[in-house]
Amino acid sequence: MKKNILLCLVGYLCLCLPTNTLTAQVADSPGADFLHRSQPQVSPEQGDTHRGGETRSDTLPEDGSLVDHSGLPADNRIAKLAVHDNVAGIQGQEGESSSAAVGEGLPAVIHVETMSVHPIDSLEFRIWDPYLNELDVPKPYIEHVSLSNGSVFEGSWGAKKAQWTSPPLSGYARVTIRNGMFKYLDRFLVEPGDSVRIRLDFQTGNVLFSGPAAEKFRCQFELAQAIEMHRFGQDPIMFTGESDYWGHSEEDSIRIAKAKASNSSIRPTIQFVSPDESGMEYLKQGFSKELESHRAWEVIDNFEGRLPTDFWQILIADLLGKLQYDQLKHFLYLRLGLEDNPSYRQLYQDRILEENYRIPEGAAWSVYFIDYLYQKLSIISYMEKEPMANFLTSIPETVRDPVYAKYLIKNFRTFNDSNSQFEKALDILQTPWISELIRSLYHSQRIGAPIASIPLTNAEGDSVVLKGDDGKIRLIQFWLPGCQASASYYERLLSPVVSHFKGDPEVEFVFISNDNQHERWLKNISSEKYSSKVSINLNAPGKTHPFLMYYHIHAFPEQMVIGRDGGVTNLGNIPKTPQGLIEYLDSLKETEPSSIQPLVK
């Protein structure tokens, strides 16, 4: 029986960040995203912005989720925020917060000055217009801007400076300013026509803002500081698979003993949490926190009336999504040892499953609140043992489309019937930019589509193109050097399957690495740690190699199956045991007879 779901906070609002997905299972089964992978995956730039100061052991898969805090008392500050059933202004639709209302078509202009002992030569600007917060879908516009010496006549003497103008913006967008691995401003909300001067003073530790949009940037900077200050004061958490955890070596044990014996008023003490009573206590403590007392709300209060109301409401929804996400991000992560615990089920009933659909003002433009809704639906899907798709059509239209898009992007590889899932979504989605995004994804990921003719590199350094119309069945494995998950997947699953089909002219294995170092790639092939050296080995070097981008490969390992006719047969929903995979490939051989031809041209 389908349950009603609370996607509401009567008088509340907060913030949320992106998350990594979990282990695997068919995504049209209950709790798809949380059972997304049977083997851990690694992204080349993996980072969980929700995690704060937490540390996790390798014994359990990683996960993130969010919860509602409807049982918490509201104070006057939060209660004054508007909450209703139909939020106007979702991108691509008309409403009081539509993109036209904020100067559609104008760019954002950002002037940056840096002062440091070691001068910074350039900055990277990334802008998402619009922003879904999901594996760079849609992809950001990226530009590297060189800095020049400041001038006494411009008030920037002693600084390095640059001015960047974004492409014309269709509506609310998100911008990041970074230098290599260092992010100075991370996904700040901007709107068409915004202009600001920013000084990053690394000598004094000051970040200064001036110009017409200064208050917008200053508010977001202070919000980020408040959130990080709160996390900085928390004890770090390590999740382990056992309650009496002492690491994997004598050295680990000594360090853990010292950490447990620590009693400092200024240094944090690591806390160990496992899927048992300690995990249950950890979850209860998280839900018992009074979110309305978080110091970030003081920033929100301080900027009331100083920002455009719609902009301010989006930042409030952002904050609400982030804080609620932090409350329940480990709910399903700890399920393995708690699922049969009555208290675990009761906590779910009391704090996640409710019957109201009201959504806070600003939620339609808040990707972080959308993250919260998606994760909450994932938990409900898993706990109720129903596919998430059953719940998606029952949430308000103002937030349904971005949540639906996240569901497809996260899980399309594990669908049994991805074509029909895409087509069903395209019939439902109403937001133009989201419909176009999903239509484009469907075009590249359609089952039956021919393998893309995008060049890859062979061992000799030559460009080759996969040729699929030769009657062979091919399993493609994408792997990353240094990735333990890739090595484990090959050893545990693929190696015995490769051995089984050795000499079979109808089945071939293709291993595609993402390695910038050609010699290292060749050494890894010879080691047979990640692939079979007698199989086809190709390389797709670079973080944004076109072949990887086309097939949406952002984490490793990943798999695809190409059928006899050269069409994509499977995007990754393959059996997870050697025997199961052997039987699956044998079943594909029962299709039309093959005519053996060379793999590449």
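Observations on the structure shown:
- Heavy-atom accessible surface of the stretch 482-601: percent carbon and sulfur, 1.4 Å: 52
- Peptide packing for 220-227, 191-198 was compared via the average number of neighbouring C-beta atoms within 10 Å per residue; ordered from the highest value, the list is 191-198, 220-227.
- Of R439, R564, R255, the order by accessible heavy-atom surface (1.4 Å probe, DNA, RNA and ligands excluded), from most exposed downward, is R255, R439, R564.
- Placing pseudo-labels 7 Å out from each Cα toward the beta carbon at E436 and M229 gives an inter-label distance of 4.2 nm.
- Applying 0.36 nm per residue to the separation of R295 and L336 and subtracting their alpha-carbon distance, the gain on full extension is 11.4 nm.
- With all protein chains in place and ligands, DNA and RNA left out, the 1.4 Å accessible area ranks K576, K385, K410 as K385, K576, K410, largest first.
- Accessible area of I428 in the full protein assembly, 1.4 Å probe (Å², nearest 10): 40
- Solvent-accessible area per residue in the stretch 417-571 equals 40 Å², computed with a 1.4 angstrom probe and all protein chains kept.
- Residues with amide H under 5 Å from that of S195, placed H, sequence gap 5 or more: V109, A213
- Annotation: extensible slack from N458 through E423 equals 9.0 nm (criterion: 0.36 nm per residue apart, minus Cα-Cα distance).
- Label sites at A257 and D504, each approximated as a point 7 angstrom past Cα along Cα to Cβ, lie 5.3 nm apart.
- For the stretch 391-518, the Kirkwood radius over C-alpha pairs fed into Stokes-Einstein at 4 °C and 1.567 mPa s yields D = 73 µm² per second.
- Rolling a 1.4 Å probe across the protein heavy atoms gives the stretch 192-338 an accessible surface of 48 Å² per residue.
- Each peptide in 304-315, 334-345 gets a packing score, the mean of other Cβ atoms within 10 Å over its residues, and the list from highest to lowest is 304-315, 334-345.
- A Förster radius of 45 Å, combined with the Cβ-Cβ distance separating E277 from S444, puts the computed FRET efficiency at roughly 0.45.
- For the listed residue pairs K385/K424; K467/K523; K329/K406; K161/K183; K523/K576; K329/K410, the alpha carbons are over 19 angstrom apart in K385/K424; K467/K523; K523/K576.
The values are calculated or read from the model by the stated rules, or taken from the named source; none is laboratory data. Please read all numbers here as calculations on a predicted model, not as lab measurements. Every residue, glycine as well, gets a Cβ built from its backbone with ideal geometry; the counts of neighbours run over all protein chains shown. The area values use the complete protein model at the heavy-atom level, side chains included, leaving out ligands, DNA and RNA. Shrake-Rupley method; radii C 1.70, N 1.55, O 1.52, S 1.80 Å.
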